[in-house]
């Protein structure tokens, strides 16, 4: 069995997205990072980016919609790298759609990609998580402040937050800490598309949408992927060892809830 030495193994699901790739770059300095994703080409591109930065990462192609595929790849990782310390789930996003516009397919795709993939991942990884392990579920602030143009994402985010809370209580008895992380608007290619879709609904421009968000954010501007990644790194570290079962918002103060 090949072990990762003194470097702890962390899995990052959704590793090829804007937030996920920033998390990979941030964590690969100190951890043995395994990127999970469906597309080999995108995984290769992210691995090349890491290599250009002097970092080494592992990658595994896996279809998170298949419980058997998830169980198989997690077992392989646990055996080959000698156990799993951390899991970061940063996959899935909901469409720009109101109640009357969201199709069954949109609902099912979001449920599967964001909620059920997290369920399958944690279920398969639980036997391989070491005592003191960490789980970070990257969610979204709409679970606290549901938005009428993100009705699917708001509902699924709320479900993922509830799952995280329950998992924190369950796995906490084994010394595993589960935390939910709620970014607001993050400056990624996906957000660029989202802003354009919101603008189309409001008969305005993406620039106006971004300016409105910046103006309503006490710290101004959009959150960067790197800022989200830094919080993930903190939650995985010893400094975050007493944080579990809660949701942390990273949005520059935009969320109005307590």
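The values are calculated or read from the model by the stated rules, or taken from the named source; none is laboratory data. Values in this document were obtained by computation on a predicted structure and should not be read as measured data. Cβ sites come from the backbone with ideal geometry, for glycine too, and all protein chains shown count toward neighbours.
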> Out of (1) under 18 Å from the mean Cα position of the chain (by Cα); (2) farther than 18 Å from residue 11 by Cβ; (3) in contact (Cβ under 8 Å) with a residue 12 or more places away in the chain, the odd one out for residue 134 is which?
Replying inline: (2)
>> Among the residues that make up segment 94-114, is at least one of them modelled with pLDDT under 95 and crowded, with 23+ Cβ neighbours inside 10 Å?
In response: yes
>> I'd like to know if segment 238-257 contains one or more residues that are assigned to a helix (DSSP H, G or I), touching a strand residue (DSSP E or B) at 6+ places or on another chain (Cβ under 6 Å) and within 21 Å of residue 138 (Cβ to Cβ).
In response: no
> Looking at segment 125-143, which of its residues are assigned to a helix (DSSP H, G or I) and buried (at least 21 other Cβ atoms within 10 Å of the Cβ)?
Replying inline: 125, 141, 142, 143
>> Please go through segment 166-196 and give me each residue that is assigned to a helix (DSSP H, G or I) and crowded, with 16+ Cβ neighbours inside 10 Å, ordered by number.
In response: 167, 168, 171, 191, 194, 195
> What are the residues in segment 52-64 that are closer than 16 Å to residue 31 by Cβ and exposed (fewer than 13 other Cβ atoms within 10 Å of the Cβ), if any?
Replying inline: 53, 54, 56
> When you go through 135, 96 one by one, which is the residue that is more than 24 Å from residue 200 (Cβ to Cβ) and in contact with a helix residue (DSSP H, G or I) (Cβ under 7 Å, 6 or more places away or on another chain)?
Replying inline: 135
>> Let me confirm something: among 28, 67, which residue is in contact with a helix residue (DSSP H, G or I) (Cβ under 8 Å, 6 or more places away or on another chain), surrounded by fewer than 20 Cβ atoms within 10 Å (Cβ to Cβ), over 18 Å from residue 189 (Cα atoms) and at pLDDT 95 or above?
In response: 67
